[in-house]
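**Q** Shown below is the structure under consideration.
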2 protein chains.
Amino acid sequence: MNEPTRIVIIGGSAAGPKAASKARRLNEFAEITIIQKDADLSMASCGYPYYVGGFFDNRNQLLSTPTGVVRDQKFYLNAKGIKALVNTEALKINTSARVVETVNLITGEKAKIPYDKLILATGATPNIPPLEGVDLEGITTLQSMKDADYLRKVRDDKKIKKAVVIGGGLIGIETAEALRLADIEITIVELLPQLLTFLDFNMAKLAENYVKSKTNVITKNGVAKFIGENGKLVGVKLQNGTEVPCELAVIAIGVRPDVKLAKAAGIKIGEHGGIEINEFMQTSNPDIYAVGDCVEITNLVTGRKVLAPYGDLANLEGRVAGENAVLGNSVTFKGTIQTGICKVFDYNVGATGLSEDTANKLGIKVDTIINASPDKPGFMIGKLLISKLIVNAETCQILGAQCIGPGDVCKQISIWAMAIMAKMCIEDMVNADFPYAPPFSLAIDHSIATAHIMQNKRKGRFVGITAQNLKKKMDDGDDIFLLDTRGYDEFEVMRLGKGETLIPLGQLRTRMNELPEDKSKEIITYCKISLRGYEAAVLLKAHGYTNVKVLEGGLMAWHYKREK
Amino acid sequence: MNEPTRIVIIGGSAAGPKAASKARRLNEFAEITIIQKDADLSMASCGYPYYVGGFFDNRNQLLSTPTGVVRDQKFYLNAKGIKALVNTEALKINTSARVVETVNLITGEKAKIPYDKLILATGATPNIPPLEGVDLEGITTLQSMKDADYLRKVRDDKKIKKAVVIGGGLIGIETAEALRLADIEITIVELLPQLLTFLDFNMAKLAENYVKSKTNVITKNGVAKFIGENGKLVGVKLQNGTEVPCELAVIAIGVRPDVKLAKAAGIKIGEHGGIEINEFMQTSNPDIYAVGDCVEITNLVTGRKVLAPYGDLANLEGRVAGENAVLGNSVTFKGTIQTGICKVFDYNVGATGLSEDTANKLGIKVDTIINASPDKPGFMIGKLLISKLIVNAETCQILGAQCIGPGDVCKQISIWAMAIMAKMCIEDMVNADFPYAPPFSLAIDHSIATAHIMQNKRKGRFVGITAQNLKKKMDDGDDIFLLDTRGYDEFEVMRLGKGETLIPLGQLRTRMNELPEDKSKEIITYCKISLRGYEAAVLLKAHGYTNVKVLEGGLMAWHYKREK
């Protein structure tokens, strides 16, 4: 090269700076420029809810290196030799001249920045419903540093008493927690029948039961309009006519890729509205790469394109694009299995791979099971995990997993993410060798126990029924015999109260006469987590009962009302 | 079958009861008998240190189901239809008559118990050094419920002030913590140059530095004799002549398989002294299976047989043997990758797969790197993890990983265990899709960052030097230029003090003139964790320096003394 390579990056949040830094490490003499519309750079945007929620008080912690240096223009220039233009909007990409036209939003000064390789990291824009009153004071999103500053001020001012969070997805739930920690009464409003749509209905309802202990939750209901007085929000009116008084509303109904610049530059946009890229993160214009929330990428389980606006993927994509922009296409980013997690108070919710619902929609036949059990022994104060595992019904390949509860969900989801990425089958998991000691795990880790249940189901030894299907049978008035196999003391504390018969497992062999005479009658066995329920089912089958099912996950996975 | 199958299991701790329970679920009408020498059944033996350490106070918690039912003879009979003979020793296996000869240790009554299939779960016996004074009062192991009861009494009595733990392996370290929590001054004595020999030397020394903040540690020194007064222990004399006063000594120098019965029955014993089994957990006698600490199993990375006396494997093996004993050989247990973990106060130590040391001994050429970084963002109070990754130098297949620190070691080791079991290479890990949210992980998870460093090393971009090799160069008086790239404030708080030059990374481009004129001079760059150190090295190489190395893991992985 005679001239130094000129690499321009549009977008300074996550993927952009990562691409810039990687490019720098591979070419000390390239001219690298970041064009950033906001005043801040390298914002840890996934951390906004925790700043709002008071987990920490110094805003700069969202913008700092691990040693506490703020990643501002000076930092990028000195530590990395990267020119970061903040408060600067990219107006147009002139692809034939290979120039980005910009304007400084403070001074109004326009400029043309030439590039050899351009990396688009333009992110995503929050969806805002076009409703009456949406411009009232007191309505915001939590998508920018400005939003975070606004909501943190709400916390610090301690004036607002009631807030509505519109949308029960990841950001909605995290925002609800943050504002609840500011002592604000929260109502989450979700248009769909469930929160957290990356979970299947049964898992989402279990999580919702927990969320309801902290906030109000309204599902199957959207916002019809925002109600204002003197320009300020005083409530929201729902589609069913209900009015919910509130002084604050946070809109969290998802984001859409910001592809304006790309589209205007003739770059190909994909079917989901994200910039189309190949596995080198290269767009339809070979000089232009795109990374982060503005692109659509491949779901590695289905092979289909998806939008996956996650901070971790943005960083990985940035690293790949940064290298390819400097060295030519040499490294690849194959895609995502759509792994996600969120914390809501003392409860963790995670998923990876396909949900049963998505599999059904795609016509993939799957087997599923639910496993409820603690993450550690009782003597180490183990906490409950409820997992759902989804495998291909033909091949037994692991396709998806969901895990919720106060226990160590992150480890479980990490394990299943590895299993999915490695295209493992259940047989590969039943004798897995994980780190075991009582402070960390049960002797048979929850993930392995989950695989065991699936293996038992596949061998026809475990015939399960989900809470949802059992509820349907009850509602339909089906003639079923419910057998609770727990102890009397447990029954006093918690029970379905649906006409069940209580026979503790330890008495079952001697009390068979209390079971239905008709051995073909449908019997549903269960206990707290359905381990004893399973042993009871095996026992009944050995004694000739032909239609015995185990309530999957036991009472812990029953997401409907109980008597106690 | 005309007669019910008779299945006899010798051993009632972990693997035995698991095999019995599995057998029962597969055949309700089999006669299943457990022969157990101890009074207790199904002891959670890995939990002993936590009972001794006061994590919980009810001894029965070690013997109970998750709902608090003690797994005693009555429980096994009623809940599982299994006859458990406690206080009963198996004296002899008559393989031609297919009978086990037993004696009741309380009544002296002898019996002959016929079997169709026999499962040996005879466990392991602690190694006791044949030293003078080894029978003194105050010397114990922590391998049985009786030992746990004894040491718990030591805690409760509050009389003993000083104890020596002999052996710095997993059990030794856990015991040291337990007794330290009883306010006893502890000295760990280890014959080898390091604690925790499943770790490589450099990782073990980092862990040892932490352990030393809680207990005394003496390495490269064994016990020569126990010193007594009036039959009671008053101290140990070490091989170098030092005397360590103590009223209690716990011997934790490993266990050996208990194969007496098997050997006498003509069953084949393997090269490491464990019962030889095939992948069905079947011994050389087709009617006899063996499981748990008494067997040797295949290391799946090396293909060699190993002793792996871990509670998690015992349970998995028991499940396999239980099924095969009932159904004929149908399921397999392929082996172990020797995954382990232990907690010592607020520090976690884990490993999986091959260590560098073991690889070297086996002649497998490996590449290794060290990564030190937090498990979570600073604003979520991330805790440090130090990982060592070991890959095959030719194929880049992941062979082993070690991780230590106050952070979430268990997740890291679980991820690497999956990678090893799935025979993944580094390229399969660099864009892994794990659950990310700030309460759980960095945007680029520590495991992925570890893979990135290895990838950079493999591509020749990262040239590392371990603390151990740097120390050797220093000791040899090599002419090296040490470049600390941190800030002045950081340098004031902590530094090597070995003649290093401090140039913060942000000033390096403008202060090149302070570097050696000779561009071939060996330069070692570092910072706290060697991220800035790496960027500095890249920068120097771009400016013509030809012999630049990065101190792997930075100051966090420097296990020798620092000036500050």
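The values are calculated or read from the model by the stated rules, or taken from the named source; none is laboratory data. All of these numbers come straight from a predicted model, not from anything done at the bench. Positions of Cβ are backbone-derived with ideal geometry, glycine not excepted, and every protein chain shown enters the neighbour counts.
**Q** Which residue is surrounded by the fewest Cβ atoms within 10 Å (Cβ to Cβ), if the candidates are limited to the range B:214-242 and must be under 26 Å from B:Leu192 (Cβ atoms) and of a type in the set (Gly, Ala, Ser)?
**A** B:Gly241
**Q** Right, here's the next one. Output the residues belonging to the range B:503-536 that are aliphatic (A, V, I, L, M) and within 16 Å of B:Ala467 (Cβ to Cβ).
**A** B:Ile524, B:Ile529 - these are the residues of the range B:503-536 that are aliphatic (A, V, I, L, M) and within 16 Å of B:Ala467 (Cβ to Cβ).
**Q** If you don't mind, there's one more thing I want to ask. Could you tell me whether any residue of the range A:32-47 is at the interface with chain B (Cβ under 10 Å from one of its Cβ atoms), surrounded by fewer than 23 Cβ atoms within 10 Å (Cβ to Cβ), outside any helix (DSSP H, G or I) and not aromatic (Phe, Trp, Tyr)?
**A** No, the range A:32-47 contains no residue that is at the interface with chain B (Cβ under 10 Å from one of its Cβ atoms), surrounded by fewer than 23 Cβ atoms within 10 Å (Cβ to Cβ), outside any helix (DSSP H, G or I) and not aromatic (Phe, Trp, Tyr).
**Q** Looking only at residues that are of a type in the set (A, V, I, L, M, F, W, C) and away from chain A (no Cβ under 12 Å) in the range B:489-502, which one is farthest from the chain's Cα centre (by Cα)? Outline the logic, then answer.
**A** Of the residues in the range B:489-502, the ones of a type in the set (A, V, I, L, M, F, W, C) are B:491, B:493-494, B:496, B:502.
Restricting the remaining residues to those that are away from chain A (no Cβ under 12 Å) gives B:496, B:502.
Numbers: B:Leu496: 31, B:Leu502: 39 Å.
Ranking the candidates gives B:Leu502 first.
**Q** Those residues that are more than 9 Å from every other protein chain (Cβ to nearest Cβ), within 28 Å of B:Lys459 (Cβ to Cβ) and surrounded by 24 or more Cβ atoms within 10 Å (Cβ to Cβ), I need them from the range B:340-358; list them, please.
**A** The answer is B:Gly353, B:Leu354, B:Ser355.
For every residue, the table says whether it meets (1) surrounded by 21 or more Cβ atoms within 10 Å (Cβ to Cβ); (2) within 9 Å of chain A (Cβ to nearest Cβ).
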residue	(1), (2)
B:Leu399	yes, no
B:Cys410	yes, yes
B:Ala417	yes, yes
B:Lys423	no, yes
B:Ala432	yes, yes
B:Met454	yes, no
B:Phe462	yes, no
B:Thr466	yes, no
B:Asp475	no, no
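**Q** Could you pull out the residue among A:Pro245, A:Pro257, A:Pro193 that is at pLDDT 95 or above and either surrounded by 17 or more Cβ atoms within 10 Å (Cβ to Cβ) or of a type in the set (Ser, Thr, Tyr) (or both)? Steps first, please.
**A** Working: A:Pro245 fails: either surrounded by 17 or more Cβ atoms within 10 Å (Cβ to Cβ) or of a type in the set (Ser, Thr, Tyr) (or both); A:Pro193 fails: either surrounded by 17 or more Cβ atoms within 10 Å (Cβ to Cβ) or of a type in the set (Ser, Thr, Tyr) (or both).
That would be A:Pro257, the only listed residue that is at pLDDT 95 or above and either surrounded by 17 or more Cβ atoms within 10 Å (Cβ to Cβ) or of a type in the set (Ser, Thr, Tyr) (or both).
**Q** Since B:Lys92 meets every condition but one in (1) buried (at least 16 other Cβ atoms within 10 Å of the Cβ); (2) under 35 Å from the mean Cα position of the chain (by Cα); (3) among the charged types (D, E, K, R), which condition does it not meet?
**A** Result: B:Lys92 passes all but (1).
**Q** Give the range A:129-170 a look and list any residue that's among the β-branched types (Val, Ile, Thr) and within 27 Å of A:Ile9 (Cα to Cα), or say none.
**A** First, pick out the residues of the range A:129-170 that are among the β-branched types (Val, Ile, Thr): A:134, A:139-141, A:154, A:160, A:164-166.
Hit for the range A:129-170 is A:Thr141, nothing else.
**Q** For the range B:489-502, what are the residues that are of a type in the set (A, V, I, L, M, F, W, C), within 21 Å of B:Gln468 (Cα to Cα) and either part of a helix (DSSP H, G or I) or in contact with an Asp or Glu (Cβ under 6 Å, 6 or more places away or on another chain) (or both)?
**A** none
**Q** If we keep just the residues of the range A:530-551 that are touching a residue at least 24 places away in the same chain (Cβ under 8 Å) and among the basic types (Lys, Arg), which is surrounded by the fewest Cβ atoms within 10 Å (Cβ to Cβ)?
**A** Initial filter on the range A:530-551 (touching a residue at least 24 places away in the same chain (Cβ under 8 Å)): A:530-540, A:543-551.
Among the residues that remain, those that are also among the basic types (Lys, Arg) are: A:532, A:549.
Working: A:Arg532: 27, A:Lys549: 21.
So, considering only residues that are touching a residue at least 24 places away in the same chain (Cβ under 8 Å) and among the basic types (Lys, Arg), the one surrounded by the fewest Cβ atoms within 10 Å (Cβ to Cβ) is A:Lys549.
**Q** Looking at B:Ala557, is it farther than 26 Å from B:Ala204 by Cβ, touching a residue at least 40 places away in the same chain (Cβ under 8 Å) and either more than 38 Å from the chain's Cα centre (by Cα) or buried (at least 21 other Cβ atoms within 10 Å of the Cβ) (or both)?
**A** So B:Ala557 does not fit the description; no.
**Q** Return only the number of the condition from (1) more than 8 Å from chain B (Cβ to nearest Cβ); (2) over 16 Å from A:Tyr534 (Cβ atoms); (3) within 27 Å of the chain's Cα centre (by Cα); (4) not in a helix (DSSP H, G or I) that A:Ser441 does not satisfy.
**A** Result: A:Ser441 passes all but (1).
**Q** Would you point out which residue out of A:Gln194, A:Gln143 is assigned to a loop (DSSP other than H, G, I, E, B) and in contact with a Pro (Cβ under 6 Å, 6 or more places away or on another chain)? Walk me through how you get there before you give the answer.
**A** Working: A:Gln194 fails: in contact with a Pro (Cβ under 6 Å, 6 or more places away or on another chain).
Among A:Gln194, A:Gln143, only A:Gln143 is assigned to a loop (DSSP other than H, G, I, E, B) and in contact with a Pro (Cβ under 6 Å, 6 or more places away or on another chain).
**Q** Let me ask another. Mind listing just one residue for me: the one in the range A:530-553 that is over 22 Å from A:Pro374 (Cα atoms) and hydroxyl-bearing (Ser, Thr, Tyr) and, of those, nearest to the other protein chains (Cβ to nearest Cβ)?
**A** So the residue we want is A:Tyr545.
**Q** Still on this structure, I have one more. Among (1) out of contact with any Gly (no Cβ under 9 Å at 6 or more places or on another chain); (2) within 23 Å of B:Ser373 (Cα to Cα), which single condition is B:Met556 missing?
**A** For B:Met556, the exception is condition (1).
**Q** Do you know which residues across the range A:322-366 are in a loop (DSSP other than H, G, I, E, B) and under 21 Å from the mean Cα position of the chain (by Cα)? Full working, then the answer.
**A** Of the residues in the range A:322-366, the ones in a loop (DSSP other than H, G, I, E, B) are A:328-335, A:337-339, A:345-346, A:354-355, A:362-365.
Result: A:Phe333, A:Lys334, A:Gly335, A:Ile337, A:Gln338, A:Thr339, A:Phe345, A:Asp346, A:Leu354, A:Ser355, A:Leu362.
**Q** Please give the number of the condition A:Arg486 fails out of (1) over 37 Å from the mean Cα position of the chain (by Cα); (2) under 18 Å from A:Arg562 (Cβ atoms); (3) of a type in the set (D, E, K, R); (4) outside any helix (DSSP H, G or I).
**A** Result: A:Arg486 fails condition (1) only.
**Q** Then there is this: Considering each residue of the range B:505-564, count those that are out of contact with any Lys or Arg (no Cβ under 7 Å at 6 or more places or on another chain) and among the β-branched types (Val, Ile, Thr), and give that number.
**A** 5
**Q** Among the residues of the range B:70-83, what is the count of those that are without any contact (Cβ under 8 Å) to a residue 40 or more places away in the chain and either more than 30 Å from the chain's Cα centre (by Cα) or over 16 Å from B:Met43 (Cβ atoms) (or both)?
**A** Count: 6.
**Q** Related question: Could you give every pair whose Cβ atoms fall below 6 Å, whose first residue belongs to the range B:462-484 and is within 22 Å of B:Lys519 (Cβ to Cβ) and assigned by TED's automatic domain parsing to the domain that holds B:Cys527, and whose second residue is at pLDDT below 95 and hydroxyl-bearing (Ser, Thr, Tyr), counting only separations of at least 6 or pairs across chains?
**A** No pair meets every condition.
**Q** Does the range B:58-80 hold any residues that are assigned to a loop (DSSP other than H, G, I, E, B), at the interface with another protein chain (Cβ under 10 Å from one of its Cβ atoms) and surrounded by fewer than 19 Cβ atoms within 10 Å (Cβ to Cβ), and which are they?
**A** B:Asn58, B:Thr65, B:Pro66, B:Thr67, B:Gly68, listed by residue number.
**Q** Another question, then. For the range A:376-400, what are the residues that are small (Gly, Ala, Ser), within 19 Å of B:Lys411 (Cβ to Cβ) and assigned to a loop (DSSP other than H, G, I, E, B)?
**A** A:Gly382
**Q** Shifting gears a bit: Does any residue in the range B:372-397 that is within 27 Å of B:Asp357 (Cβ to Cβ) and among the polar types (S, T, N, Q) come within less than 6 Å, Cβ to Cβ, of a residue that is at pLDDT 95 or above and in a strand (DSSP E or B) six or more places away or on a different chain, and which pairs are these?
**A** These pairs meet every condition: B:Ser387/B:Asn371; B:Ser387/B:Cys403; B:Asn392/B:Leu399; B:Gln397/B:Cys425.
**Q** Out of curiosity, is B:Asp183 outside any helix (DSSP H, G or I), surrounded by fewer than 18 Cβ atoms within 10 Å (Cβ to Cβ) and at positive phi?
**A** Details: outside any helix (DSSP H, G or I): yes; surrounded by fewer than 18 Cβ atoms within 10 Å (Cβ to Cβ): yes; at positive phi: yes.
Yes; evaluated as a whole, the condition is true for this residue.
**Q** How many residues does the range B:510-529 hold that are within 12 Å of chain A (Cβ to nearest Cβ) and either buried (at least 16 other Cβ atoms within 10 Å of the Cβ) or assigned to a strand (DSSP E or B) (or both)?
**A** Number of matching residues: 3.
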